[in-house]
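These notes concern the structure reproduced below.
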Amino acid sequence: MRMPEIVHKAHQAGTLIFIVRMPGTGSMGMKTLPTGKKGLSTRSYNYLGMLPIYVVNNFGQFNHLILRMLRDLSIDAKMVPNSLPPGEAAEGCRGLVLGGGPDISRSGNSGEYLHLGLPVLGICLGLHVIARGFGGTVSKGRLGGYGPVEVEIVEHDEILTGYPSRIMVWASHADEVTGLPVQAVRLAGSQVCANEAIAIPDLHIYGLQWHPEVSHTENGRYVYENFDRITREQ
């Protein structure tokens, strides 16, 4: 579901007033929300359905495909640099997708985005950022380069809802998670890599070794549809 676009906002007598343009029809409308003594929080904006998902650009070749898939699914999304200050990220979105990239040393502020209290989905390098950020280990994989991999889903967490027990995906294993964080749950594995997908359920943080956004991955859209739903339920 596409979200309304804020075209004007004003604060009056303890109430924030939004003038919005509705998707599809272009018609204008008004929404109001009491700010209270502590002001309007990010969650309050999310309640109104106004915040996008941020796709964090970690310089990976498929980052633009993540953004395209989200938009093709009518999910409001915006690409942001991984230099974006964490405070701005916390106030500007309802969840973050940490895109892939060539090296964890170029992941910028991605590790800091894990501690904003927002849902996070890490793709390839994004998974590695999550694993290291919570005390896991990442090592060189046995196989580099991209190729098809059959993944076995061992735990159908909310991020993998809708999938059968085995799916074909497109992944690189130049680096992979070899040691799980204590609080993490293994969701999927393969003959190539034991930890193809993990989750830290209490924090709504998820990581996948594979790329759901490419056409070679079976029903990759399910991951992004599930993540969109998760961000709206918080």
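Quick one: putting +1 on the C-beta of Lys and Arg, -1 on the C-beta of Asp and Glu, what dipole do you get for the stretch 102-234 around its Cα centre, in Debye to the nearest 20?
With Lys and Arg at +1 and Asp and Glu at -1, about 260 debye.
Over all Cα atoms in the stretch 51-233, the spread is summed up by Rg and Dmax: 14.4, 41 Å. Database remark: amide H of GLU196 closer than 5 angstrom to the amide H of ALA188, GLY189, SER190 (H placed geometrically; neighbours at sequence offset of 5 or more, or on other chains; Pro and chain starts carry no H). Measuring max minus min along each principal axis, the C-alpha atoms of the stretch 139-218 give extents of 33, 29, 19 Å (largest first).
Residues whose amide H lies under 5 Å from that of ALA77, counting only those 5 or more places away or on a different chain, are ILE53; hydrogens are built 1.01 Å from N in the peptide plane. The label point for SER83 and the one for LYS140, both projected 7 Å from the Cα toward the Cβ, are 3.1 nm apart.
Rule-based calculations on the coordinates, nothing more; no lab input. No experiment lies behind these values; they were computed from the predicted model shown. Ideal geometry is used to build each Cβ from the backbone, glycine not excepted, and the neighbour counts take in all protein chains shown.
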